[in-house]
Amino acid sequence: MRPVLIFGASRGVGLLLAKQLRLHGVPVLAMLRSGLGRAELEADGVRLAQGDAFSRVDLERVFALVQSEFDVVSTLGGLGPNGEYVDDVGNINVIDEAARRGVTRFVLVTSIGCGDMAPFRSERAIAAFGAAVDAKTRAEDHMKRSIPQGTAIRPGGLRSEPATGRGILTTDAEMHGFIHRADVADLVARALRDDGTASRAFAAVDADQAKSVNPIAPFPLAA
C-alpha cells in the first residue's frame, strides 16, 4: 500500500487504523492537534505532525511532508473552540488540500444517517446527533464534487470492545446497527486497497448487529 495520511488519529477509529496499518508495514503520517495519542502512535512508528484542520496553512504544511504518492483518511469529528463543527469545516479543508495535491484515494469516515440515509433517521437520532450528521453530510457532498473517486464509510453505533471480524459494508440506505471501532478500522484499511469502493458510500455495521427492512447484502470487499 501507498503511505497513508490520517486526520483524526488521536483516538477511536483513526488511532486503531494507524496502528493496524503500521502492523502491516504501511508508512503512516498523522496530524495531531494536541498531545492526545502521541505516545501510543510514536511507539508504533507513526510519523506525527502538529496541526489543526481549521487552519489551511497547517494543512498545506502537513500535506507537503509526504513526498511520494499517498492516500488520505479522515475520521475527524466534533466541535472546535468557536463552536464550528470539524465534521464539515475541518473535513472540507482537508478535502480541498487533498484535491489540490492530486490525491485520488480518499476515505471519509462519517456516520449512518448521512446523505441518502437521511430520510430513514429516527426522530430520536435527529434530536441527538442531527446537527453533527448534517455537518458530515456536507463534507461528503464536498468530497463528491472535489474528489469524485472518494469513498464515504458510515459506521453505525460505535462500540469499543475488541474486533469481532464481522464488520461489513453495505449500500443499503435503510441500514441501522452497531459496529466495533476496531472493525471499522479494518474495513477502512480494506477499502483503501479495493478500487471497487471508489466513488461510493457505504454503511458499516457488524453483520450480527445489523437491522434493515431489506435483506442484508454485504459489499464484496477484497480481503
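Worth pointing out:
- Among the residues making up the range 132-173, those that are over 14 Å from the mean Cα position of the chain (by Cα), charged (D, E, K, R) and within 21 Å of I216 (Cα to Cα) are R159, R166, D172.
- Some residue of the range 81-98 being farther than 22 Å from T197 by Cβ, in contact with a helix residue (DSSP H, G or I) (Cβ under 7 Å, 6 or more places away or on another chain), free of Cβ contacts under 8 Å to residues at least 24 places away in the same chain and not in a helix (DSSP H, G or I): no
- The residue list G196, G156, G177 contains one member that is crowded, with 18+ Cβ neighbours inside 10 Å and over 19 Å from S74 (Cβ atoms), which is G177.
- Annotation: of all residues in the range 93-143 being of a type in the set (S, T, Y) and in contact with a strand residue (DSSP E or B) (Cβ under 9 Å, 6 or more places away or on another chain), the one that is surrounded by the fewest Cβ atoms within 10 Å (Cβ to Cβ) is S122.
- Residues that are over 20 Å from T171 (Cβ atoms) and in a loop (DSSP other than H, G, I, E, B) within the range 99-121 comprise R101, G102, V103, T104, listed in sequence order.
- Selected residue (only one of R121, R47 is modelled with pLDDT under 95 and of a type in the set (D, E, K, R)): R121
- For the residues S212, S146, the requirement of being in contact (Cβ under 8 Å) with a residue 40 or more places away in the chain, surrounded by 15 or more Cβ atoms within 10 Å (Cβ to Cβ) and within 23 Å of G90 (Cα to Cα) singles out S146.
- The residues of the range 55-79 that are under 23 Å from G115 (Cα atoms), surrounded by 13 or more Cβ atoms within 10 Å (Cβ to Cβ) and free of Cβ contacts under 8 Å to residues at least 60 places away in the same chain amount to a single one, L79.
- Complete set of residues in the range 159-172 that are buried (at least 18 other Cβ atoms within 10 Å of the Cβ), farther than 18 Å from S74 by Cα and among the aliphatic types (A, V, I, L, M): I168
- Positions within the range 1-25 being in a loop (DSSP other than H, G, I, E, B) and more than 22 Å from I179 (Cβ to Cβ), in sequence order: M1, R2, P3, G25
- Residues that are touching a Gly at 6+ places or on another chain (Cβ under 9 Å) and among the basic types (K, R) do not occur anywhere in the range 42-54.
The values are calculated or read from the model by the stated rules, or taken from the named source; none is laboratory data. Since the model is a prediction, treat every value here as computed from it, not as a measurement. Here Cβ is always computed from backbone atoms with ideal geometry, including for glycine, and neighbour counts include all displayed protein chains.
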